[in-house]
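Structure first, then comments.
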Amino acid sequence: MHWTSSTQQQNSNEVGLEQLPVMPQVLLQLLSACQKTTTTYTELASLVRQDPVFYSRILSVANAQGSLNNCQYEKLDNILAVLGFDSLRTIIITTAINFFFSSPDKQLLAAQSKYWQRALRCATTARILAQTLNYEHPEEAYLAGLLHNLGHILFCAKQPAEYTEMFLSSDSEREFLLFETEWVGKTSETAAAELLQRITADSFLPEALLLQHKTSDELQDTPLLIRILNLACTLIANDFTMASLRPETLTDFSLSNADIKQIILQSDQSIASLTGRLEAQSTDIHPSSNNESLTAKLGNQIKNFATLFALNQTPYPNGQSSSIWQSILQNLNLLFGLDHAVAFEFQKESNSLKGIASLSGSNPKLIKLSFRVESGRSIPAEALITGNCLDSDTYCNQKSRSTTDQQLIRFFGSDAVICLPIMIQDINFGVLVAGLSQQKLLALNAQKNELDSFSGASAHQLLRNQANSLCYQKALDTQRSDYLENVQRLAHEASNPLGIINNYIQVVCRNQDGDSKVTEQLQIIREEIERIAIIINQIKEADTSVNISAGLINMNQLVREQIEVFRETLFASNKVSCNLNLDDRITFVKINGQILRQILTNLLKNAVEAMPDGGKITLRTRNNINFNGKIYVEIVIADTGSGIAPEVLEKAFSPSNDTEFDSETLDQTLISKIKTDQEMRSNTNPGFSALDSNTSGKAVSDSTKEDKQHSGFGLSITSSLVTKLNGCISCRNRSERGAEFTILLPDLH
C-alpha cells in the first residue's frame with residue numbers, strides 16, 4: 001500500500017493522550033465508581049488497569065505533578081491517592097465528555113475493541129510470565145503488556161479511516177510494521193516508546209515497547225522486563241503456534257512447552273472473566289448495536305453529572321441544619337419527582353434517626369418519628385447501616401415488615417417507601433425517606449445510580465456546611481480572643497494610675513494633722529477606688545462570663561493548642577513535662593470552645609501547683625464512651641503530685657469549697673483580701689494591694705508550694721463550666737501517685 005505525501009504531512013501532527021478514546025465499557029465503570037462516596041482507591045486502580053489509554057493518562061498527570069518519581073507501578077492505588085478523588089473525578093468526567101462529543105465512527109470503535117482486547121491479553125500474559133519467572137515487579141510487566149500497542153491507537157487517531165482499514169485487515173505484525181514505516185516514517189511501537197519516555201523516564205518500559213518484536217538472539221543481556229514483554233507479544237500473535245516457538249527462547253527462560261501452555265490457559269481464563277464483567281464486545285471485528293447502547297449510557301451519565309454539578313453549585317442556607325435538609329428535600333423532588341419526603345438526621349449520642357425536615361405535602365406526624373439505628377428494626381435504620389438505597393418492597397420480601405415500617409408507610413399514605421442514606425465514608429448524616437406509588441418505584445429502579453450520585457452530592461454539601469460552621473466558629477473565637485486580650489490590656493493599664501492615686505491618698509492621710517473630716521473624705525475616696533479595682537479584676541476574669549453558642553470544633557486540635565500555650569511558660573518554669581495521648585477517631589465536636597479552654601486551663605494550673613518540685617502531666621482523650629446509655633468523649637488529666645487531700649476530695653466540686661463560685665462571693669473575697677493585705681503591709685508598703693497582681697500571685701504560689709496538694713481552689717468553677725457543656729467531671733487519687741480528673745462531654749456533631 002502506498003501513502004501520498006499529503007497523508008504523510010497530515011500524520012506528522014502530534015496527537016496527545018487527551019485526544020485518544022477510552023473503551024466505553026471501562027469508562028462507564030469509572031463514571032459509576034466516581035459517583036459513589038464509598039469507592040476506594042484500590043477499586044479505582046483495578047478499573048484503571050483495564051484500559052491502556054486511561055492508564056497512560058493517569059501516569060502523565062501524575063508525572064506532571066511530580067508523583068511518579070521512583071514509582072513502583074504495583075502501587076497504582078498510591079498514585080491515585082496522591083492525585084486525590086477530585087482530580088480523578090475531573091479526569092474521568094473530561095474523558096467521558098470528550099468521548100461522547102467526539103462521536104467516533106463504528107469502524108474506529110471496532111479497531112479500538114480489537115486493540116483493547118489484544119492489550120488486555122498481552123498485559124495478562126506478561127503478568128503471569130513475570131510471576132512464573134519471579135520478576136520482582138509483575139505489575140510493571142502488566143503495564144508494559146497493556147501499553148505494548150499504544151502506538152496503534154495513536155496512529156488511528158491521526159488517520160482513522162485509512163489506518164483503521166489497514167489495522168483491521170492485517171494478520172501479520174511484522175508486515176504491518178513495514179506499512180507503518182512507509183506511511184509515517186516510523187513504527188507505532190517507536191511512537192509509543194517516545195510518548196512513554198516523557199512519562200516514565202525511570203523505567204525500562206519505553207525500551208520494552210521499542211524492542212517488543214526483536215528476536216530472542218537480539219535481546220540477549222537486556223533487562224528481564226524487555227524479554228518478558230517480547231515473549232508475551234510472541235504468545236498472543238495471531239500466527240503463533242507451539243511449533244513456531246524457538247527452543248532457544250524456552251532455554252533462555254528455563255521454561256517447558258507445558259509451562260507455556262499453562263501460561264496461555266491462565267491468560268485465556270483471566271480475559272474471559274474480565275471481558276464478561278465489562279460486557280465487552282466479542283472478538284469479531286464488526287461493530288454491533290452494543291456500541292450505540294454504550295454511547296447512550298455514557299450520555300445519560302454525563303447528563304447526570306451535569307445535573308449534580310448544578311446541584312453542587314446551588315447555594316445552601318447557612319445556619320440551622322434543618323434549613324439545609326429542607327433544601328436537599330426540595331432538590332430530591334426537583335430531580336426525581338418525590339414530593340412526599342422527610343429527612344431524618346442521625347443523632348450519634350442516642351444512636352437514632354430523628355425527623356428534622358419535610359416537604360409541605362407530607363404528613364406532619366412523619367417528622368415526629370424516630371428510629372433506633374439497629375439492624376432489623378426498620379427500613380431507614382437498615383439503609384443507614386448498609387449504606388444502600390432500600391425500598392419497602394424489596395426489603396420486606398427478605399424480612400417481615402415491622403410495625404414501625406407499617407406505620408411509616410401508613411403515614412405516607414403510599415404503596416411503598418424508599419430510603420436513601422446520606423453518608424460519606426464513615427460519617428453518617430441521615431436518611432431521606434419518600435412515599436411513592438408502585439409505578440413510581442418501578443421507574444426509580446432504573447435511576448439507582450442517579451440516586452446514589454444525589455446521595456453523595458448531598459453528603460458533600462452537608463460536610464461543607466460543617467466545615468463552614470467550623471470556620472465561622474473559629475472566626476468568632478479569634479474575634480472574641482482579640483477582644484478579651486484588649487480588655488486585659490486596658491484593665492492592666494487602668495490598674496497602674498489607680499495604684500498611684502491610692503498611694504498618694506495614703507500619703508495625704510498621714511499628713512493630715514488631726515483633721516478627721518478630711519481624713520474621712522479621703523477614706524471614702526479610697527474605698528471607691530477599691531471598688532473600681534474590684535470591678536477591673538472582675539473584667540479581667542470575665543473570660544467565661546460571655547455566653548457564646550456552641551460550634552463545631554476539632555477537640556484534639558484545641559487540646560494541642562492549649563498545651564503549646566503552657567509548654568514554654570507554665571510548664572517550663574515549673575519543670576513540668578506533658579505527655580499527650582489523643583484518640584485520632586475524635587473529629588469535630590459541637591461544643592463551646594472557649595469554655596473548654598477555660599476548663600483545661602483551670603485543671604492544668606491546678607496540676608502544676610500540686611507539683612512544686614516539678615513532675616509530669618498526662619492528658620489523654622478517648623472516643624465513643626458509653627455512660628448511662630449516652631455517647632461521650634473523654635478527657636483525662638493526670639499529674640504526679642501528692643494527690644488531693646481527703647477533706648478536699650470529699651467536697652471537691654461543691655460551691656462551699658470554692659470561694660470564687662459566683663460574682664457576689666468573688667466581691668466579698670476580693671474585699672476581704674484587700675483589707676487583709678493592707679493590714680499586713682500597712683507599716684511597710686503603702687501601695688494598693690488589690691492592684692498589685694504580682695505580689696498577690698506570689699503569695700498564692702508560695703502557699704501552694706507549702707501545701708503540695710490540690711487545694712480544691714477553683715474546682716467548683718470548673719465543675720460549673722463542665723455542667724454548662726452538659727458534661728460531668730470526677731476526680732480521684734491515683735494508686736501510683738498524684739491526682740486524676742476525668743471529664744465526659746457529649747459527642748455531638
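We did not get these values from a lab; they are worked out from the coordinates using the rules stated. Please read all numbers here as calculations on a predicted model, not as lab measurements. Methodologically, a virtual Cβ is constructed for each residue, glycine included, from the backbone with ideal geometry; neighbour enumeration extends over all protein chains shown.
Observations on the structure shown:
- Pairs of Cα atoms nearer than 8 Å and 6+ residues apart set the relative contact order; for region 315-469 it is 21 percent.
- Length available on full extension from Glu527 to Lys575: 0.36 nm per residue minus the Cα-Cα distance, which gives 13.2 nm.
- Isotropic mean projected area of the C-alpha convex hull, region 315-469 (nm²): 8.5
- Distant-in-sequence amide contacts of Leu338, defined by a placed amide H-H separation under 5 Å and a gap of 5 or more residues or a different chain, comprise Asn333.
- Separation of the Asn238 and Ser322 label points, Cα + 7 Å toward Cβ, nm: 7.1
- Extension gain for Thr40-Val565 works out to 185.1 nm (0.36 nm per residue, less the C-alpha to C-alpha distance).
- Over region 389-542, equivalent-ellipsoid semi-axes from the Cα gyration tensor in Å: 76, 18, 9
- Per-residue packing, averaged as other Cβ atoms within 10 Å, sorts the ranges 418-429, 641-652, 140-151, 577-588 into the order 140-151, 418-429, 641-652, 577-588, beginning with the highest.
- Two-site FRET efficiency, Asn496 against Ile424, from Cβ-Cβ distance with R₀ of 45 Å, rounded to 0.05: 0.20
- Length added when fully stretched, Ala475-Arg410, from 0.36 nm per residue minus Cα-Cα: 18.7 nm
- Descending semi-axes in Å of region 598-658, equivalent ellipsoid built from Cα gyration tensor: 24, 17, 10
- Pair Asn511, Thr181: separation of 7 Å Cα→Cβ label points (nm): 11.6
- Rounded to the nearest 0.05, the FRET efficiency derived from the C-beta distance between Phe85 and Glu248 at R0 = 41 Å is 0.25.
- R0 of 30 Å, Cβ-Cβ distance Ala467-Asn726: FRET efficiency to nearest 0.05: 0.80
- Separation of the Ala443 and Asp393 label points, Cα + 7 Å toward Cβ, nm: 1.4
- Relative exposure of Ile263, Ile599, judged by other C-beta atoms within 10 Å (fewest first): Ile263, Ile599
- Mean separation of Cα contacts under 8 Å (6+ apart) over length of region 326-413, as relative contact order %: 20
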